[in-house]
1. Give me the helices (runs of 4 or more DSSP H) completely within segment 9-127, filtered to those with at least 2 residues that are under 29 Å from A266 (Cα atoms) and within 26 Å of the chain's Cα centre (by Cα), ordered by residue number.
2. Inspect segment 244-260 for any residue being over 25 Å from F152 (Cα atoms) and open to solvent by less than 20 Å² (accessible area, probe 1.4 Å) and give the result as yes or no.
3. Can you work out which of the residues in segment 398-454 that are outside any helix (DSSP H, G or I) and among the charged types (D, E, K, R) is surrounded by the fewest Cβ atoms within 10 Å (Cβ to Cβ)?
4. Return the total of residues in segment 319-348 being in a helix (DSSP H, G or I), over 16 Å from T58 (Cα atoms) and among the β-branched types (V, I, T).
5. Can you find, within segment 365-397, the residue that is surrounded by the most Cβ atoms within 10 Å (Cβ to Cβ) among those that are part of a loop (DSSP other than H, G, I, E, B) and touching a helix residue (DSSP H, G or I) at 6+ places or on another chain (Cβ under 7 Å)?
6. Can you tell which of I282, I298 is without any contact (Cβ under 8 Å) to a residue 60 or more places away in the chain, in a helix (DSSP H, G or I) and aliphatic (A, V, I, L, M)?
7. Being without any contact (Cβ under 8 Å) to a residue 24 or more places away in the chain and more than 26 Å from S115 (Cβ to Cβ) narrows it down to one residue among A379, A402; which is it?
8. Which of the residues spanning segment 485-501 are out of contact with any helix residue (DSSP H, G or I) (no Cβ under 6 Å at 6 or more places or on another chain), open to solvent by 40 Å² or more (accessible area, probe 1.4 Å) and touching a residue at least 12 places away in the same chain (Cβ under 8 Å)?
Amino acid sequence: MSESPVNQRPGWVFYMSLVLLAGFVGVGATMPERLELWASQALGFTTVHFGWLYLFATTGFLVFCIGVAASSYGLIRLGADGECPEFSYPAWLGMIFSAGMGVGLVFWGVAEPMSHFVDPPLGEAASRTPQAADIAMRYSLFHWGFHQWANFAVVGLAIAYARFRQQRPGLISEAFRSTMGDRVDGGMGHTINVLAVISTVFGVATTLGLGVIQINSGLVSVADLEFGTTQQLAILAGVSVVFLLCALAPLESGVRYVSDLNMVLASALLIFVFFAGPTDFITAAMTNAIGDYFANVIGMSLVMTPYTGEDWVERWTIFYWAWGLSWAPFVGSFIARISRGRTIREFVLGVIGMPVLLSAFWFATFGGSALYFELFEDAEIGAAVSREISSGLFVLLDLLPAAEVVSMIMLALIVLFVITSANSATFVLGMFTSKGVLSPSRWSRVAWGIIQVLVAGVLLLSGGLAALQTISILAAFPFMILMIFMAAALLKSLRNERRQIELHEAIMRERIQRLLDASDQTVIAALRSAQGSDSEPEQEPDRSVP
């Protein structure tokens, strides 16, 4: 059923977000060096004073999701009782994975393990040694493991519960109604939604920027194109035309089929590299990394460097958590949009469990292969990553059979991942700024697509990868605070529903008991009446003579 056109009209959230983002784009376009300086100063203040909060919050979100799924709340369905899921399980997982971290996995699949191999985290091993390789795989899996997806699950669960269980608009502010009441309809609710819009735009712009940088590296390998900001802006413009055209299509035909194609290409490349590369080494590396991950996850989750003053945690772990947090309103809302009919337990397992397994396999295959060639065949992938971090993937592919064809397919996959992420984001931003409708208008989606492109272009002008990392951490901070209260509000809503269910069951038991008691009384009265009639003495006939 389509929403009313009145509900699709932009409101305060749209215009307030537009003004703030237009101001950012204006400053970045006219004063990119000044913007880079201000952002760096803000980043230093945030990470020094609040870096610990990113670690505690993200770990807390993971614990929260596991607790909710394992409890009796896990049986609650995100929709009416007995309602069937809207999408099949494979299609659902495909859309989650594509919209979630597709671009990031491709970008960092080789780059992160090789970066840690060349410069081991926290000085835990010597550079370019087997110990460094072991630590590199462990931290790569950690950064793409349960913590990252828990950020998405918290927001997605809160919105899906409010939208499909409580039949409320699909807005971030609606997740706070149990604690804020009708204030979510006023200024406080608008502020929450504006923060969600800005966080989403910057998070998606970061992903667009990473994707464009990776495409540029691929074209350097495949077409001998130069690597630079000018080329990246041209690539961004070309990709933007495609995803803006896709934004005009409905979700079912626009995002779903592109994400299905993503999964087909990603699976084909993953299987190819797995068998064409050092297969036995990959399986051993994956097994070892999973064991190390679970053995060290608590220590890695809360590690800081107060005694050495190193900035490794800020450059890696806090960046990843902040990137996930800034993506959380977008990915969470999109996952909520496609998760109608799932139980909470099924939702948590699908959002946190399956993508992590796929991420582990991806990093073991691509990162593990790169480590193998570096350790045993002196492939110089680490040197390539040190020169240009996005180049490692295509250096690895050059070492495999049919390198040119595989590189072209990988390039197509990256483009499709970028299109899927940007296209999905236009839907989510349209929802946020159109009062939570499930099908925002086309002009709204196109408008937000253009804004994403402008923000991504400004970030590329203002420092490339460093600017993308900086803005992710800064944009995530206010929304991280909101997510803490969002989790508390969701827990309160679940408790309220559980109390209502228990109250309803108690009332029904009482009514049934009353009916049984009344029935028993009727039966007893009938039995007594029957017994009374049986025991009445028969009257003697009157024998007296008149």
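1. 32-70, 89-118
2. no
3. D398
4. Residues meeting the conditions: 2.
5. A379
6. From the options I282, I298, the qualifying one is I298.
7. One residue alone meets the criteria, A402.
8. F485, A488, L491, N496, R498
The values are calculated or read from the model by the stated rules, or taken from the named source; none is laboratory data. Remember, predicted model here, so these are calculated numbers, not experimental data. Counting neighbours? That spans all protein chains shown, and the Cβs are built from the backbone with ideal geometry, glycine included. For the accessible areas, the whole protein counts, side chains as well, though only heavy atoms, and no ligand, DNA or RNA atoms are used. Shrake-Rupley method; radii C 1.70, N 1.55, O 1.52, S 1.80 Å.
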